[in-house]
Amino acid sequence: MQQYPYIVTISSEKGGVGKTTLATNLAIYLKAMREDLAVTILSFDNHFSIDRMFEMRGHKPRGTVHELLMGKKADELVHLGQYGVGYIPSSTELADIHERFRGPMTLSRLLAQSGLTGILIIDTRPDLNILTQNALYAADRVLIPVKDMPSLENCKNIFALFDKRGMDKKSLALIPCLIDERIKFEGVFRDQKTLLRAFAANRGYRCVDTFISKSPKVESLNTNPDGRIYPILTHARGTEVHGQYADITRDILRSYDATPESRSCLYAQWLAEKEGQKKEAYLARLEGLTEHCLICGVPLAERPEEREFYYETSDRAMRGFLHGDCFADMLCGTLYGLYNDSQAHNAARAVIADKAGKSVTLFLPREIDNAYTLDFRQFDLAGELAFRKQVPMTGFAEGTLDGLHDRLYLLLNESLAGFEGRLREGSWLAVHPVDPASPEKVLHEERYRTVQKLHAMIGESLAAV
Ligand SMILES: Nc1ncnc2c1ncn2[C@@H]1O[C@H](COP(=O)(O)OP(=O)(O)O)[C@@H](O)[C@H]1O
Ligand SMILES: [Mg+2]
Ligand SMILES: [Zn+2]
């Protein structure tokens with residue numbers, strides 16, 4: 001688990017329940033109890049308590065949580081702060097990046113790749129926005145402070161989120177906070193914490209063994225002439241709260257020690273595995289490429305820079321690259337009967353080549369009464385039909401090469417031939433433009449998925465007729 005953080009998220013939809021106090025002081029207690037442990041804290045809230053607590057006087061902070069969420073590596077943003085705790089400065093500009101976090105695991109990915117180690121504490125806003133959700137899903141432990149019935153009622157939304165995603169809720173635990181020990185009740189529920197625990201248990205929520213008392217001393221720690229926030233560890237040692245914080249810290253350290261692979265570590269492994277699979281799939285696609293241009297027959301290795309089009313049949317049996325010139329010349333002849341010696345050839349060819357470079361070109365030969373007709377179509381890159389022509393394939397069935405359509409017939413025969421010289425019924429061939437500088441990119445995961453999506457759309461539009 002060396003290179004991955006163990007993540008503790010503090011969350012509740014209610015404000016004023018003690019989230020930030022818990023997050024910041026937990027960081028200090030962790031560091032105090034285990035000096036050699038890296039402890040980092042960050043907040044998705046915009047009130048700068050973290051900064052006020054940990055900032056070193058005179059240090060100019062650079063980079064904030066905003067940069068972290070934009071993809072900058074966390075270990076470049078962490079500042080060594082007071083009490084040996086690392087912190088990432090807060091930001092007021094997180095509202096505009098929610099869009100990037102539509103996925104629930106975006107933060108998990110960022111933190112798995114962050115290079116952070118030890119324990120990372122995340123303080124959240126008092127709502128369940130997408131950033132909070134990401135922080136919940138990324139966490140090894142979620143502490144949910146509750147101080148009264150309304151805040152306890154609110155917990156159900158967090159649990160419901162986990163249910164909705166089918167995620168294990170064992171990371172979630174309530175912690176009764178701001179408990180006024182002077183308040184006593186008649187009957188079984190003697191006091192606030194017993195009552196909250198009973199209600200939590202009744203709803204199936206787990207509570208940690210510790211609770212945090214309400215203490216005027218603790219409350220006063222953020223109100224002083226220096227504008228600082230003082231830690232409980234140094235400024236409220238005489239209170240019960242001190243012992244309670246030590247307890248919850250030991251609880252966190254126990255589960256940290258008992259976790260050989262944190263969630264971010266597992267997530268990193270999963271990402272690596274997925275990368276590996278992607279690579280394998282890509283290599284398999286590369287393997288399957290035809291080694292020569294189907295139109296001129298010349299091995300593509302001879303003039304690799306002329307690979308300008310990628311083709312694949314609807315049944316995926318044949319795939320490979322075509323020379324740009326070969327394809328453009330073939331289109332000229334097939335569609336317009338224009339050949340190299342004709343006058344109009346050069347101008348028309350430029351237009352045709354340009355069009356093909358911006359389209360997906362479809363070849364669908366159809367056999368009726370032993371005679372073939374080519375259904376030729378071009379789609380724009382969004383899959384909209386832009387051009388269609390029926391081309392009679394004179395002599396194709398008989399296997400005669402007429403000198404005019406030779407290139408087309410070679411292409412179709414090589415790519416779509418089935419048994420006994422007939423074409424594979426219903427199969428078609430699609431030709432996509434590629435970047436000649438790196439044609440194989442079309443087989444990379446993302447790009448290839450686009451190709452497949454277009455093929456699916458084409459297949460559907462053919463079936464609809
Ligand atoms: N154990 C405690 N006893 C008394 N007051 C506390 C205690 N913990 C936190 N507070 C006070 O409660 C208020 C809300 O705490 P805070 O941590 O900011 O909650 P949240 O982050 O959930 O909004 C603050 O004024 C804080 O000083
Ligand atoms: Mg707060
Ligand atoms: Zn060629």
Checklist entry - Out of curiosity, is Pro89 closer than 30 Å to Met149 by Cβ, in contact (Cβ under 8 Å) with a residue 24 or more places away in the chain and either touching an Asp or Glu at 6+ places or on another chain (Cβ under 6 Å) or surrounded by fewer than 18 Cβ atoms within 10 Å (Cβ to Cβ) (or both)? => result no
Checklist entry - Can you name the number of the only condition in (1) over 22 Å from Phe101 (Cβ atoms); (2) touching a residue at least 60 places away in the same chain (Cβ under 8 Å); (3) touching a Cys at 6+ places or on another chain (Cβ under 8 Å) that Cys155 fails? => result (3)
Item to check | Selection count where residues are within 15 Å of Val142 (Cα to Cα) and aromatic (Phe, Trp, Tyr), scope the range 1-23 | outcome: 1
Checklist entry - Restricting the first residue to the range 309-327 and requiring it to be without any contact (Cβ under 8 Å) to a residue 40 or more places away in the chain, which pairs with a second residue that is of a type in the set (Gly, Ala, Ser) meet a Cβ separation below 8 Å and a spacing of at least six or different chains? => result Arg319/Gly288
Checklist entry - If you go through the range 371-423 one residue at a time, how many are on the phi > 0 side of the Ramachandran plot and part of a helix (DSSP H, G or I)? => result 2
Checklist entry - For the range 176-192, what are the residues that are among the acidic types (Asp, Glu) and touching a helix residue (DSSP H, G or I) at 6+ places or on another chain (Cβ under 7 Å)? => result Asp180
Item to check | Lone qualifier among Asp406, Asp435 - being under 25 Å from Gly297 (Cβ atoms) and modelled with pLDDT under 90 | outcome: Asp406
Checklist entry - In the range 231-345, which helices (runs of 4 or more DSSP H) lie fully inside it and hold 2 or more residues that are under 32 Å from the mean Cα position of the chain (by Cα) and among the aromatic types (Phe, Trp, Tyr)? => result 263-287
Next on the checklist: Out of everything in the range 284-305 that is touching a Pro at 6+ places or on another chain (Cβ under 7 Å) and of a type in the set (D, E, K, R), what residue ends up being nearest to ligand 2 (Cβ to nearest atom)?
Outcome noted: Glu305
Item to check | Counted residues, the range 70-100 - those being on the phi > 0 side of the Ramachandran plot and touching a strand residue (DSSP E or B) at 6+ places or on another chain (Cβ under 7 Å) | outcome: 0
Next on the checklist: Just the residues that are among the basic types (Lys, Arg) and more than 10 Å from ligand 2 (Cβ to nearest atom), please, taken from the range 15-60.
Outcome noted: Lys31, Arg34, Arg52, Arg57, Lys60
Checklist entry - more than 29 Å from the chain's Cα centre (by Cα), small (Gly, Ala, Ser) and not in a helix (DSSP H, G or I), is that true of Ala463? => result no
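Answer yes or no as to whether Ala23 is within 14 Å of ligand 1 (Cβ to nearest atom) and of a type in the set (A, V, I, L, M).
yes
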Item to check | Residue list for the range 289-316, restricted to those being surrounded by 14 or more Cβ atoms within 10 Å (Cβ to Cβ) and away from ligand 3 (no atom under 16 Å from the Cβ) | outcome: Glu312, Thr313, Ser314
Checklist outcome for this item: The correct count of residues that are under 22 Å from the mean Cα position of the chain (by Cα) and closer than 11 Å to Leu174 by Cβ in the range 149-163 is 1
Item to check | Failed criterion for Gly426 (all others in (1) assigned to a loop (DSSP other than H, G, I, E, B); (2) within 22 Å of Thr290 (Cα to Cα); (3) in contact with a Leu (Cβ under 8 Å, 6 or more places away or on another chain) hold) | outcome: (3)
Checklist entry - Can you spot a residue in the range 321-337 that is in contact with an Asp or Glu (Cβ under 6 Å, 6 or more places away or on another chain), within 25 Å of Gly297 (Cβ to Cβ) and within 16 Å of ligand 3 (Cβ to nearest atom)? => result yes
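The values are calculated or read from the model by the stated rules, or taken from the named source; none is laboratory data. Please read these numbers as outputs of a predicted model, since none were measured by experiment. Note that each Cβ is placed from the backbone with ideal geometry, even for glycine, and that neighbours are counted across all protein chains shown.
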